[in-house]
Amino acid sequence: MKRQRVRKALILISFFLFPVTIFYLSPVLIIEGASQGIVVGSFMIFTLLFFSSLFFGRAFCGWVCPGAGLQEICFAVNNKPARGGKSNWIKYYIWVPWISIIILMAVKAGGLKKIDMFYQIPYGISVSHPHAYVVYYGLVGLIVVLSLTAGKRAFCHYVCWMAPFMIIGTKIRNFFKWPALHLETDKDKCINCKTCSKNCTMSLDVNGMVQKGSMKNSECILCGECVDGCTQAAIRYSFRAYS
């Protein structure tokens with residue numbers, strides 16, 4: 001499908017730009033900046049991801065994230081499903097202490113008083129000094145190792161510090177039920193071929209969701225593989241109020 005070719009091209013381009021953008025997604029610089037009362041680039045990006053998720057869920061993960069491009073490259077080597085389940089909670093055990101540290105540092109600094117989008121990012125390019133290569137290849141190595149050992153998009157499931165922002169935003173959206181991008185299903189059209197589950201980049205039981213008549217899942221990244229792979233059009237995108 002043309003849509004999937006476009007999606008994969010976008011995340012590949014995003015991965016190739018990762019040496020430029022990696023520090024704009026840094027969980028460390030946001031702590032360092034908070035300790036000095038500075039709102040850094042990653043603080044602004046994470047805030048934007050939260051607000052975007054109120055209307056677009058985790059579409060960033062499926063269509064824009066640089067880590068997505070690298071992980072889907074790894075599908076050629078290991079296309080086995082990630083375990084998911086209770087293991088998905090690992091990222092929250094990382095996220096909650098991290099957020100707590102950011103808040104603590106900001107309070108100790110007397111609040112956030114300054115905005116510096118390019119804090120510790122000379123010339124606006126992340127990998128511009130030798131030490132930055134250590135960070136870059138360290139993160140790339142972690143993503144690759146998890147992909148090759150723990151299955152498809154294991155980094156997204158277990159480690160990603162950005163995912164909880166969007167998951168919380170999506171749950172808020174679902175609670176208030178305002179119009180937003182999501183998946184819907186017509187289970188009467190389903191022939192139970194389970195192609196949707198096989199194609200899912202996040203290793204979700206999409207077929208089971210179709211049979212229940214609800215596509216709500218906090219790990220869904222709206223990549224649309226299930227939509228475009230369904231020969232019966234039993235799954236579709238929608239931007240109306242989520243019932």
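In terms of the Cα gyration tensor, with a ≥ b ≥ c the square roots of its eigenvalues, is the range 142-195 rounded because a/c is under 1.5, prolate because a/b exceeds b/c, or oblate?
Oblate shape, in that a/c is at least 1.5 and b/c is the bigger or equal ratio.
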Computed on Cα atoms only, the convex hull of the range 32-139 has an orientation-averaged projected area in nm² of 9.0 nm²
Listed residues Arg58, Arg153, Arg173; largest mean-square fluctuation, Gaussian network over the chain with Cα springs below 10 Å, found at Arg173
For the chain, the accessible surface attributable to carbon and sulfur atoms (probe 1.4 angstrom, ligands and nucleic acids excluded) amounts in percent to 68 percent
Taking R0 as 45 Å and r as the Cβ-Cβ distance between Ile115 and Ile191, the FRET efficiency 1/(1 + (r/R0)^6), rounded to the nearest 0.05, comes to 0.25
Taking Rh as the Kirkwood radius computed over alpha-carbon pairs of the chain and applying Stokes-Einstein at 10 °C with viscosity 1.306 mPa s, one gets a diffusion coefficient in µm² s⁻¹ of 84 µm²/s
The answer for the chain, accessible area per residue at 1.4 Å probe in Å², is 51 Å²
Expressed to two decimals, the range 107-243 has a Cα Rg over Rh, using the Kirkwood radius, of 1.10
Percent antiparallel among DSSP beta bridges confined to the chain, rounded to 5, stands at 60 percent
For Lys216, counting only lysines whose alpha-carbon sits under 27 Å away and dropping same-chain residues fewer than eight positions off, the answer is Lys2, Lys8, Lys80, Lys86, Lys91, Lys152, Lys171, Lys177, Lys187, Lys189, Lys194, Lys198
The rounded separation in angstrom of the Cα centers of the range 109-159 and the range 220-234 is 30 Å
For the range 186-243, shape from the Cα gyration tensor axes a ≥ b ≥ c, cut at a/c of 1.5 then a/b versus b/c, turns out rounded
Everything considered on the Cα gyration tensor (a ≥ b ≥ c; rounded for a/c under 1.5, else prolate if a/b is larger than b/c, else oblate), the range 1-84 must be described as prolate
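The values are calculated or read from the model by the stated rules, or taken from the named source; none is laboratory data. Just so you know, these numbers come straight off a predicted model, no measurement behind them. No Cβ is skipped: glycine too gets one built from the backbone with ideal geometry, and neighbour counts run over all protein chains shown. Surface areas here come from the heavy atoms of the whole protein model, side chains and all, with no ligands, DNA or RNA. Shrake-Rupley method; radii C 1.70, N 1.55, O 1.52, S 1.80 Å.
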